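Here the structure is laid out as structure tokens; the discussion comes afterwards.
Taken together, the values in this text are just the output of simple stated rules run on the coordinates, not laboratory data. As the structure is a prediction and not an experimental result, all values here were calculated from the model. Every residue, glycine as well, gets a Cβ built from its backbone with ideal geometry; the counts of neighbours run over all protein chains shown.
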């Protein structure tokens, strides 16, 4: 599955420390092969993000994404406050 990223995701990702960037890349490889792999903990969001999903990068950080046709759009990355 092809993965695309929004400018918001790119901006947030570029501000992360290298250790977290490496972890995000590893998680994106898993996402690419199986968006609902149990290691990701992917789940559908509610409220104003009801069309989006989220998966865990680590204990504090999450990636918000959505499915578009035959690809995945990465919307946001960061700590839980990315839901605001």
Protection proxy ranking of 43-50, 1-8 - average other beta-carbon atoms within 10 Å, highest first: 1-8, 43-50
Structure-based [θ]222 nm, the chain - -39500 (n - 2.57) summed over DSSP H runs of at least 4, per residue, nearest 500: -9000 deg cm²/dmol
Contour minus Cα-Cα distance for residue 15 and residue 44 (0.36 nm per residue): 7.9 nm
Separation of the residue 70 and residue 37 label points, Cα + 7 Å toward Cβ, nm: 2.2 nm
Candidate values (1) 191; (2) 89; (3) 284, label of the one derived for volume of the Cα convex hull per residue in Å³: (2)
